[in-house]
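The values are calculated or read from the model by the stated rules, or taken from the named source; none is laboratory data. It should be emphasised that the depicted structure is a prediction, and the values quoted were computed from it without experimental measurement. Cβ sites come from the backbone with ideal geometry, for glycine too, and all protein chains shown count toward neighbours. Note: areas computed on protein heavy atoms with side chains; ligands, DNA, RNA excluded. Shrake-Rupley method; radii C 1.70, N 1.55, O 1.52, S 1.80 Å.
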Amino acid sequence: MAVTTDEGGTTPGVGCSVGYRVVNQWSGGFQGEITIRNTGTTKIDGWTLGFAFANGQTVTNMWGGTPTQTGGSVKVAPASYTSTIAANGSVTVGFTGSQSGTNAAPAAFTLSGATCAAAA
């Protein structure tokens with residue numbers, strides 16, 4: 001799944017796309033990967049990624065970032081080595097999670113409060 005920011009954002013030179021994929025899945029758990037791409041013309045220095053799981057999934061371990069989860073809502077703060085995203089660059093965070101039943105991908109993402117809407 002890929003998402004990208006809507007056209008006409010309020011901050012010139014800033015944009016993002018977020019790719020989410022399940023790398024592996026097993027009974028009661030899964031491994032996921034999230035790639036954050038800076039589609040803007042200036043670097044992003046420090047960010048917070050936000051998304052929500054719809055099916056009760058929980059993040060149990062993460063590398064490349066530090067998660068905070070309340071219910072299905074997840075916020076990710078960057079690790080020191082992923083905090084800067086160059087213009088046209090990307091960073092990837094990986095995680096393991098728990099789930100039972102459906103394991104749907106998050107429908108939308110935010111990056112530092114800016115909405116990244118699902119790509120058409």
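State which residue is modelled with the lowest pLDDT when the search covers only the stretch 10-26 and only residues that are open to solvent by 60 Å² or more (accessible area, probe 1.4 Å) and not in a strand (DSSP E or B).
T10
Quick one: count up the residues across the stretch 93-106 that are more than 23 Å from G40 (Cβ to Cβ) and either open to solvent by 50 Å² or more (accessible area, probe 1.4 Å) or not hydrophobic (A, V, I, L, M, F, W, C) (or both).
9
Going residue by residue through the stretch 54-61, is there one that turns out to be hydrophobic (A, V, I, L, M, F, W, C), free of Cβ contacts under 8 Å to residues at least 40 places away in the same chain and buried (at least 17 other Cβ atoms within 10 Å of the Cβ)? It would help to see each step written out before you state the result.
Initially, the stretch 54-61 is screened for residues hydrophobic (A, V, I, L, M, F, W, C), giving 54, 59.
Now narrow it down to the ones that are free of Cβ contacts under 8 Å to residues at least 40 places away in the same chain: 59.
Add one more test, that the residue is buried (at least 17 other Cβ atoms within 10 Å of the Cβ), and what stays is 59.
For the stretch 54-61, residues hydrophobic (A, V, I, L, M, F, W, C), free of Cβ contacts under 8 Å to residues at least 40 places away in the same chain and buried (at least 17 other Cβ atoms within 10 Å of the Cβ): present.
Collect the residues in the stretch 73-114 that are in a strand (DSSP E or B), of a type in the set (A, V, I, L, M) and either out of contact with any Cys (no Cβ under 9 Å at 6 or more places or on another chain) or over 15 Å from N38 (Cβ atoms) (or both), keeping them in residue-number order.
First, the residues of the stretch 73-114 that are in a strand (DSSP E or B): 73-78, 84-85, 90-98, 109-111, 114.
This time we only want the ones that are of a type in the set (A, V, I, L, M), so: 74, 76-77, 85, 91, 93, 111, 114.
Of everything in the stretch 73-114, those that are in a strand (DSSP E or B), of a type in the set (A, V, I, L, M) and either out of contact with any Cys (no Cβ under 9 Å at 6 or more places or on another chain) or over 15 Å from N38 (Cβ atoms) (or both) turn out to be V74, V76, A77, V91, V93.
Within the stretch 62-78, how many residues are open to solvent by 20 Å² or more (accessible area, probe 1.4 Å) and of a type outside the set (S, T, N, Q)? First the steps, then the outcome.
As a first pass, look at the stretch 62-78 and keep what is open to solvent by 20 Å² or more (accessible area, probe 1.4 Å): 62-63, 66-73, 75, 77-78.
Next cut, of a type outside the set (S, T, N, Q) only: 62-63, 67, 71-72, 75, 77-78.
Result for the stretch 62-78: 8.
Out of the stretch 27-72, which residues are assigned to a loop (DSSP other than H, G, I, E, B) and more than 12 Å from Q99 (Cα to Cα)?
First pass over the stretch 27-72, keeping only residues assigned to a loop (DSSP other than H, G, I, E, B): 27-28, 39-43, 46-48, 53-57, 64, 71-72.
Correct list: T39, G40, T41, T42, K43, G46, W47, T48, G64, G71.
Since S90 meets every condition but one in (1) surrounded by 13 or more Cβ atoms within 10 Å (Cβ to Cβ); (2) over 15 Å from G15 (Cβ atoms), which condition does it not meet?
Just one mismatch for S90, condition (2).
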